[in-house]
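Below is one structure, written out as C-alpha cells, with a few remarks after it.
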Amino acid sequence: MRTRGALLREVGGPLEVVDLELDPPGPGELLVGVGATGLCHSDLSVLDGSRVRPLPMVLGHETAGEVLEVGEGGGFAPGDHVVLSFVPACGACRRCAAGRPALCEPGAAANREGALLSGARRLRLPDGTRPHHHLGVSGFAEHVVVSARSATKVPADLPFEVAALFGCAVLTGAGAVLHSARVGPGDVVAVFGLGGVGLAALLAARAAGAARIVAVDLVAGKRELALRLGATDAVAAGPDVVEVVRELTGGGAEKVVDTTGAPAALAQAYAATAPGGTTVTVGLPHPDRELVLPALSLVAEERTLRGSYLGSCVPGRDIPRFIALHRAGLLPVEGLLTGRLALEEVGAGFDRLAGGEAVRQVVVP
Ligand SMILES: NC(=O)c1ccc[n+]([C@@H]2O[C@H](COP(=O)([O-])OP(=O)(O)OC[C@H]3O[C@@H](n4cnc5c(N)ncnc54)[C@H](O)[C@@H]3O)[C@@H](O)[C@H]2O)c1
Ligand SMILES: [Zn+2]
Ligand SMILES: [Zn+2]
C-alpha cells in the first residue's frame with residue numbers, strides 16, 4: 001500500500017516527508033495505522049549523528065495506533081489499539097528467557113541493522129531502495145508494518161497522543177525509577193535532565209511515595225514544569241549543582257536518575273548521590289564518550305551505578321501497569337505533552353527539542 005513517512009537520508013537532515021510503498025505484514029507482523037508518535041531525544045541523536053544507525057531511515061519509535069491487518073500468527077485483531085515499544089523481544093533467546101527482554105539479542109541485532117525482527121524491511125521508495133526501520137517502529141508515518149513483538153494492546157479509550165508516551169518516555173523513565181533505582185516510600189530522589197524521560201521519572205518517583213524529589217536541568221522552563229508536576233525542589237544545572245543538591249538533601253540523594261545523555265552531568269549525578277545510594281542512568285551519549293569517576297568511592301561508599309535500557313521493563317507487563325497507574329491518577333503523563341504536530345512539522349519539532357524549548361511533542365499524522 002501507499003503511505004507517507006519522514007525520511008532521514010543523511011546525518012544532519014533534513015527530515016523529508018516522502019511517499020512510501022509499504023509491503024503487507026509478513027508472518028508475525030502487523031499493519032498499524034499510526035495515531036500518534038512522540039519526538040524522543042533518541043530520534044534526535046540519529047538525526048545529529050550521536051546515535052549511529054544505517055541510513056536512509058524513517059525515524060520515530062514512540063508510537064500508538066490501531067491494528068489494521070494481521071500477518072499469519074500475528075496474534076492481534078484488526079481494531080486493537082496498540083502501543084509500540086522500541087525493542088522487539090523475540091521471547092526465546094537467553095536474555096528473554098532470563099526475563100530481560102530489553103536485552104533481547106535478535107531484537108538488538110534487528111535494531112542495529114534497521115530491520116524488523118524477521119530481518120525484513122517492509123518500506124520501499126519510488127526508486128526501489130528500501131529505507132531502514134528505526135527501532136522496529138519508524139512511527140513518523142501514516143502507517144507502519146511492525147513485528148507483533150513490538151506491540152502491546154492498550155485500552156481503546158486512551159487517546160493515541162497519551163498512549164504513545166507509554167512506548168518510550170514512560171516505559172523508560174518510570175521503569176528507571178521503579179525497576180532500576182527501586183524508589184520506595186520516603187526515599188530522597190534527584191532527577192538530572194527534565195525532558196520527557198526525566199519528567200516521567202519524576203512522576204513515577206512521586207507515585208512511589210518519594211519524600212523529596214530534587215529536579216535538575218539547564219532550562220528554567222523545564223524546572224518550572226517539574227515543580228508543577230510534583231518536584232519538591234528545582235536546581236539549575238551548573239558547576240555548583242552537586243554542592244546544592246547535597247545541601248538540600250542533607251548529604252546527597254539516596255536514588256538519583258540521570259537522563260541528560262551528557263557524561264559530565266552523569267558524573268555530577270553520581271557525586272550528588274549519598275553514600276550507599278544508587279545512581280541510575282538512561283542517557284545514550286555518542287559511543288566514543290567516556291565517563292570518569294573517583295574509583296574509590298564506588299567501594300568505600302558502597303555505591304551502585306546502573307544503566308537502564310527500556311526501564312528494564314517487560315512491555316507486555318509494564319505498559320498495562322503504568323496505564324493503570326495513569327487511570328488511577330497517579331501518573332498524569334499528559335503533563336509531558338507540549339505540542340501536537342503534523343508530519344510535515346517534525347523537523348521543526350526536533351529543532352525545538354534540540355533548543356530546549358519542548359518536552360514531548362507528538363506527531364499526529
Ligand atoms: N535508556 C533508554 O531506554 C532510553 C530511552 C529513551 C531515551 N533515552 C535517552 O535518554 C535521554 C533523555 O531523553 P529525552 O527524550 O528525555 O531527552 P530531552 O532532550 O527531552 O531531555 C534531556 C534533558 O536533559 C537536560 N540536560 C542536558 N544537559 C544537561 C546537564 N548538563 N545538566 C542537567 N540537565 C541537562 C536538557 O536540558 C533536557 O531537558 C537521551 O539521551 C535519550 O537518547 C534512553
Ligand atoms: Zn525514545
Ligand atoms: Zn530475545
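Within the range 142-159, how many residues are of a type outside the set (S, T, N, Q) and open to solvent by less than 60 Å² (accessible area, probe 1.4 Å)? I'd like the intermediate steps shown before the answer.
Taking the range 142-159 and keeping what is of a type outside the set (S, T, N, Q), we get 142-146, 148-149, 151, 153-159.
From what's left, open to solvent by less than 60 Å² (accessible area, probe 1.4 Å): 142-146, 148, 151, 154-155, 158.
So the count comes out to 10.
Which one of A201, A215, A234 is outside any loop (DSSP other than H, G, I, E, B), of a type outside the set (S, T, Y) and open to solvent by 20 Å² or more (accessible area, probe 1.4 Å)?
A234
As an exercise: evaluate G230 against (1) touching a Pro at 6+ places or on another chain (Cβ under 8 Å); (2) on the phi > 0 side of the Ramachandran plot and give the number of the one condition it does not meet.
All conditions pass for G230, except number (1).
Filter the range 320-337 down to residues that are assigned to a helix (DSSP H, G or I) and open to solvent by 60 Å² or more (accessible area, probe 1.4 Å), then give me how many there are.
3
Suppose we keep only residues that are within 16 Å of ligand 1 (Cβ to nearest atom) and open to solvent by less than 10 Å² (accessible area, probe 1.4 Å) within the range 18-44. Which one would you say is farthest from A262 (Cα to Cα)? Talk me through it step by step, then tell me what you get.
Our first condition is that a residue be within 16 Å of ligand 1 (Cβ to nearest atom); within the range 18-44, this holds for 36-44.
Remaining after also requiring open to solvent by less than 10 Å² (accessible area, probe 1.4 Å): 36-40, 43.
Numbers: A36: 28, T37: 25, G38: 22, L39: 19, C40: 16, D43: 16 Å.
Only one residue tops the list, namely A36.
Considering each residue of the range 56-87, count those that are surrounded by fewer than 24 Cβ atoms within 10 Å (Cβ to Cβ) and not hydrophobic (A, V, I, L, M, F, W, C), and give that number.
Of the residues in that region, 12 qualify.
Working carefully through the options R340, R360, R352, R317, find the one that is surrounded by fewer than 21 Cβ atoms within 10 Å (Cβ to Cβ) and closer than 14 Å to G167 by Cα. First the steps, then the outcome.
Numbers: R340 fails: closer than 14 Å to G167 by Cα; R360 fails: surrounded by fewer than 21 Cβ atoms within 10 Å (Cβ to Cβ); R352 fails: closer than 14 Å to G167 by Cα.
Result: R317 is the single residue among R340, R360, R352, R317 that is surrounded by fewer than 21 Cβ atoms within 10 Å (Cβ to Cβ) and closer than 14 Å to G167 by Cα.
Residue by residue through the range 325-360, note down the ones that are more than 15 Å from V197 (Cβ to Cβ) and within 16 Å of ligand 2 (Cβ to nearest atom).
V346, G349, F350, A354 - these are the residues of the range 325-360 that are more than 15 Å from V197 (Cβ to Cβ) and within 16 Å of ligand 2 (Cβ to nearest atom).
Give me the residue from the range 100-141 that is more than 13 Å from ligand 3 (Cβ to nearest atom) and aliphatic (A, V, I, L, M) and, out of that set, nearest to G26 (Cα to Cα).
Within the range 100-141, the first condition is being more than 13 Å from ligand 3 (Cβ to nearest atom), and the residues that meet it are 112-116, 118-135, 137-141.
Adding the requirement that they be aliphatic (A, V, I, L, M) leaves 115-116, 120, 123, 125, 135, 137, 141.
Working: A115: 13, L116: 10, A120: 9, L123: 13, L125: 19, L135: 18, V137: 15, A141: 19 Å.
The residue in question is A120.
How many residues are within 16 Å of ligand 1 (Cβ to nearest atom) and not basic (K, R) when one looks only at the range 67-109?
13
Within the range 109-138, track down each residue that is open to solvent by less than 50 Å² (accessible area, probe 1.4 Å), at negative phi and in a loop (DSSP other than H, G, I, E, B).
Listed by number, the residues that qualify are A115, L116, L117, A120, R122, L125, P131, H134, V137.
Looking at the range 142-175 only, could you name the residues that are in a helix (DSSP H, G or I), away from ligand 1 (no atom under 12 Å from the Cβ) and in contact with a strand residue (DSSP E or B) (Cβ under 8 Å, 6 or more places away or on another chain)?
Kept after step one, since they are in a helix (DSSP H, G or I), are these residues of the range 142-175: 148-150, 160-167, 169-175.
Next, only the ones that are away from ligand 1 (no atom under 12 Å from the Cβ) stay: 148-150, 160-164, 166.
Of everything in the range 142-175, those that are in a helix (DSSP H, G or I), away from ligand 1 (no atom under 12 Å from the Cβ) and in contact with a strand residue (DSSP E or B) (Cβ under 8 Å, 6 or more places away or on another chain) turn out to be A148, S150, F160, E161, V162, A163, A164, F166.
Given the conditions (1) surrounded by fewer than 23 Cβ atoms within 10 Å (Cβ to Cβ); (2) within 18 Å of G173 (Cβ to Cβ), report the number of the one that V280 does not fulfil.
Condition not satisfied by V280: (1).
Within the set of pairs 6+ apart or on separate chains, which have a first residue in the range 320-346 that is within 16 Å of G139 (Cβ to Cβ), a second that is among the hydroxyl-bearing types (S, T, Y) and modelled with pLDDT of 95 or more, and C-beta atoms under 9 Å apart?
V346/T37
Would you confirm, using the coordinates I've provided, whether V183 is open to solvent by less than 10 Å² (accessible area, probe 1.4 Å), in contact (Cβ under 8 Å) with a residue 40 or more places away in the chain, away from ligand 1 (no atom under 13 Å from the Cβ) and over 10 Å from the mean Cα position of the chain (by Cα)?
no
Listed here are the residues, each with its yes/no results for (1) in a strand (DSSP E or B); (2) in contact (Cβ under 8 Å) with a residue 60 or more places away in the chain; (3) not polar (S, T, N, Q).
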{"residue": "G35", "(1), (2), (3)": "yes, yes, yes"}
{"residue": "S42", "(1), (2), (3)": "no, yes, no"}
{"residue": "R51", "(1), (2), (3)": "no, yes, yes"}
{"residue": "L55", "(1), (2), (3)": "no, yes, yes"}
{"residue": "A64", "(1), (2), (3)": "yes, yes, yes"}
{"residue": "V67", "(1), (2), (3)": "yes, yes, yes"}
{"residue": "G75", "(1), (2), (3)": "no, yes, yes"}
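Test R206 against the stated conditions and say whether it is open to solvent by 10 Å² or more (accessible area, probe 1.4 Å), away from ligand 1 (no atom under 16 Å from the Cβ), within 21 Å of G329 (Cα to Cα) and in contact with a Ser or Thr (Cβ under 7 Å, 6 or more places away or on another chain).
no
The values are calculated or read from the model by the stated rules, or taken from the named source; none is laboratory data. Every value quoted in this text rests on a predicted model; they were computed, and no experiment measured them. Methodologically, a virtual Cβ is constructed for each residue, glycine included, from the backbone with ideal geometry; neighbour enumeration extends over all protein chains shown. Note: areas computed on protein heavy atoms with side chains; ligands, DNA, RNA excluded. Shrake-Rupley method; radii C 1.70, N 1.55, O 1.52, S 1.80 Å.
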